1. State which residue is nearest to Glu39 (Cα to Cα) when the search covers only the stretch 80-102 and only residues that are more than 7 Å from the ligand (Cβ to nearest atom) and in contact with a Phe, Trp or Tyr (Cβ under 7 Å, 6 or more places away or on another chain).
2. Listed residues Gly3, Gly10, Gly46; which is surrounded by 15 or more Cβ atoms within 10 Å (Cβ to Cβ), within 14 Å of the ligand (Cβ to nearest atom), modelled with pLDDT of 95 or more and under 22 Å from Glu199 (Cβ atoms)?
3. Looking at (1) away from the ligand (no atom under 12 Å from the Cβ); (2) in a loop (DSSP other than H, G, I, E, B), which is the only condition Met58 fails?
4. Can you tell me which of Thr62, Thr95, Thr43 is without any contact (Cβ under 8 Å) to a residue 24 or more places away in the chain and among the β-branched types (Val, Ile, Thr)?
5. Report whether or not Thr77 is within 13 Å of the ligand (Cβ to nearest atom), outside any loop (DSSP other than H, G, I, E, B) and either hydroxyl-bearing (Ser, Thr, Tyr) or at pLDDT 95 or above (or both).
6. Across the stretch 156-202, which residue is farthest from the ligand (Cβ to nearest atom) among those that are under 18 Å from the mean Cα position of the chain (by Cα) and acidic (Asp, Glu)?
7. For the condition among the charged types (D, E, K, R) and under 18 Å from the mean Cα position of the chain (by Cα), what is the one hit in Asp92, Asp148?
Amino acid sequence: MQGCFITLEGVDGAGKSSHLDWLADWFRNRGRTVRLTREPGGTPIGEKLRELVLHQPMQPDTEALVMFAARREHIETLIRPALAAGEVVISDRFTDASFAYQCGGRGLPESRLELLEQWVQEGLQPDLTLLFDLAPEEAARRLASARDPDRFERERRDFHERVRDAYLRRARAQPERIRIIDGGRPLAEVRSQLQRLLESWA
Ligand code: TYD
């Protein structure tokens, strides 16, 4: 079987994490071996960098470089080997998050990230990206009841608006790969939308 790389994206609070296990089971029920992972993170070094980047204030460029350093380790030691073994790799966030948060949110030029993307990914792209979209007001309401917010979750509303806009712009530019899921619907409805999408995509 051919390996397959799926990523989940969206503003903080859009609900992507609630669907990870369901998505993994959907593929397992079709006889696939699934590797669930996340960014930043997914490897021992990546998890240390995650701890750092989520809690330690740093320059925007430094932040982008840390994300891509973690990503390189993730790709080389986990993602590529799993894909080569024919597994389905599902990652909770990947490079679209860097374009959304570090470019959209922090204002870094996209050209800089495009260079890093080429260096670090050498052509690797997700086969499918599920973008959970949610209005920032609703996302903020959901996050208000969440535990200890990290550096990104503590950002102001306009930051999250720019992140969301950047995600939606990318989805419009790459509609084949990036599919928008309405994260504002009740969970059961989101599930059936996901199911229909996967059935027509797989
Ligand atoms: P998140 O995936 O939302 O994890 P949790 O559900 O445990 O809060 O947290 C990761 C944060 O990292 C999120 O706020 C977005 C940010 N991030 C970036 O800014 N750039 C990136 O390239 C990635 C992968 C994540």
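1. Asp96
2. Gly10
3. Failing condition for Met58: (1).
4. Thr62
5. no
6. If we take residues in the stretch 156-202 being under 18 Å from the mean Cα position of the chain (by Cα) and acidic (Asp, Glu), then Glu176 is farthest from the ligand (Cβ to nearest atom).
7. Only one candidate passes the filter, namely Asp92.
The values are calculated or read from the model by the stated rules, or taken from the named source; none is laboratory data. Because the structure is a prediction, the values reported are computed rather than measured. No Cβ is skipped: glycine too gets one built from the backbone with ideal geometry, and neighbour counts run over all protein chains shown.
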